[in-house]
Ligand code: LRH
Ligand code: MN
Ligand code: MN
C-alpha cells in the first residue's frame, strides 16, 4: 500500500529521532573460545576502531557515538581521554557509553564486586570509579555496567552475601555520578559463570538499581535471555516503571551469540520497538533510552556487519513507528484479536526501504549505505595498512 504524506512525515520524524551507538569492540578481531580467524582489515587500535565507527556513521547517518571498553580502549585510563576524543571528533562521532572491565584480570577469578575477598572488591570498585572519571572527562552520559560475577558449582559462594556486596559497591558508584550521568546495570543469565550469575535477570538489575537511586537503570542486552523469555514484556514493564535505561542489540539463535541484529528473528526486535513506540504515542514523548549495538562476529566483515545492523535497526524501528496506534488502541479496548494483531503485522510487513532511501537522500547521504561503503575503497585501504599488523609482515598486504 503506498504511504500517505502524513505517514512520510511521521517516518522522517521517527528516523530523525533514532540513533544507535556502535561498540568499539565490534571492529577488532574477536573469536570464540575455540579460536580466532583473523581479518586483515580489522581494527588494531582504539583510533582504528573509532575510524571504522566513523565510516559506518558516515554511510548510515544514524550512528553518532561509539561505546568504549575501558581496558581495551583506554590502557592509560583518564590520560587517554583527550586523544580519544580528538580522534572521535576527526571521524565525526563522539564517545558514548563507558564500559568498565572487571572481568578480564586474573584477580577477578572469583568475581569483582561480588568477590568474597574485600581487597578484590576494592580493586574492582576503584576501576569503576576511575571509569566514572573517564565518563566525566569525556562528557559521556552513561556508565555501562556488566559483571561476569557468579559461581560454577552449588554451594561454592553465598548468593545473599554477594548480593549485599553488589548493593554496597553499586551504591558507591551511584554516589560518584553527577550532572546528567547515569549507570546502566546489565544482566545475563549465565556465561562465564555456569551455576549462578550474581546479576542474572532484569529483576536483579531492577532491585540493585532501585537500591542505588534514580541514576541507575536497567540495561537490556537482547542476547542475554533464555529462549522462551518474552523480552518485549520486560521492556514494557521497565518502561512503565521508568527503569529502562537502554539496550545492547544483537541477535542469537542459542545463547549469547552476538549475531547481526535481526539476522535470526527480526520480529523480536520489531516487538521491542513496538512497545517503545506505543509508549511514545501514549505519552507524546519518547522515553530517554540508549540504543546501543553489542555484537561482534568473527567471520563476517565487521564494518559491513555493522552497516547491516544499523540499517536493520532503522528499518525495524521505522516499521514500529508506522503502526496505527489510534486504531490499535481501539481494537485492544474491544479485545478484537485479529484486528489488533493485524495492526502490527501490517506495519511489520510494510517495505520501509523506499522511505529510508528518501530520508537518506534528504540528508545528502547515499541511498544504499553498503554500496557506498564498498565504493569508498575504505576496506582496501584498511587491509593494506592494517594487514601487516593483523596477519604478520610476510603477507601480500605489506
Ligand atoms: C557480556 C557483554 C557485556 C560486555 C560485552 C563485551 O556478554 O554483553 O555487555 O561488556 O559483552
Ligand atoms: Mn552486552
Ligand atoms: Mn553479551
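The values are calculated or read from the model by the stated rules, or taken from the named source; none is laboratory data. The shown structure was predicted, so the numbers you read here are calculated from the model rather than taken from an experiment. So basically every Cβ, Gly included, is an ideal-geometry build from the backbone, and we count neighbours across all protein chains shown.
Would you pick out the residues in region 244-260 that are closer than 30 Å to residue 210 by Cα and within 15 Å of ligand 1 (Cβ to nearest atom)? Let's see the steps before the verdict.
Residues of region 244-260 that are closer than 30 Å to residue 210 by Cα, as a first pass: 244-252, 255-258.
Across region 244-260, the qualifying residues are 245, 246, 247, 248, 249, 250, 251, 252, 255, 256, 257, 258.
Could you list all residues from region 323-346 that are closer than 19 Å to residue 8 by Cα and crowded, with 21+ Cβ neighbours inside 10 Å?
Scanning region 323-346 gives 323, 343.
Is it true that residue 299 is without any contact (Cβ under 8 Å) to a residue 60 or more places away in the chain and either farther than 18 Å from residue 15 by Cβ or within 13 Å of the chain's Cα centre (by Cα) (or both)?
No: the conditions fail for residue 299.
Just the residues that are more than 18 Å from residue 117 (Cβ to Cβ), more than 13 Å from ligand 1 (Cβ to nearest atom) and surrounded by fewer than 17 Cβ atoms within 10 Å (Cβ to Cβ), please, taken from region 156-190.
Within region 156-190, 171, 175, 178, 179, 180 meet the criteria.
Would you check which residues across region 11-22 are closer than 21 Å to residue 326 by Cα and surrounded by fewer than 16 Cβ atoms within 10 Å (Cβ to Cβ) and list them?
The initial filter retains those residues of region 11-22 that are closer than 21 Å to residue 326 by Cα, namely 11-15, 17.
Answer for region 11-22, where residues must be closer than 21 Å to residue 326 by Cα and surrounded by fewer than 16 Cβ atoms within 10 Å (Cβ to Cβ): 13, 17.
For region 172-187, does any single residue satisfy the condition of being at pLDDT 95 or above, out of contact with any strand residue (DSSP E or B) (no Cβ under 6 Å at 6 or more places or on another chain) and within 16 Å of ligand 3 (Cβ to nearest atom)?
Within region 172-187 (the criterion being at pLDDT 95 or above, out of contact with any strand residue (DSSP E or B) (no Cβ under 6 Å at 6 or more places or on another chain) and within 16 Å of ligand 3 (Cβ to nearest atom)), the answer is yes, since at least one residue qualifies.
For region 132-146, how many residues meet the condition of being touching a strand residue (DSSP E or B) at 6+ places or on another chain (Cβ under 9 Å) and away from ligand 2 (no atom under 16 Å from the Cβ)?
Looking only at that region, the number is 7.
Condition (residue is surrounded by fewer than 18 Cβ atoms within 10 Å (Cβ to Cβ) and at positive phi) applied to region 347-363: is it met by at least one residue?
No, region 347-363 has no match at all.
Within region 177-232, track down each residue that is out of contact with any helix residue (DSSP H, G or I) (no Cβ under 7 Å at 6 or more places or on another chain) and on the phi > 0 side of the Ramachandran plot.
179, 191
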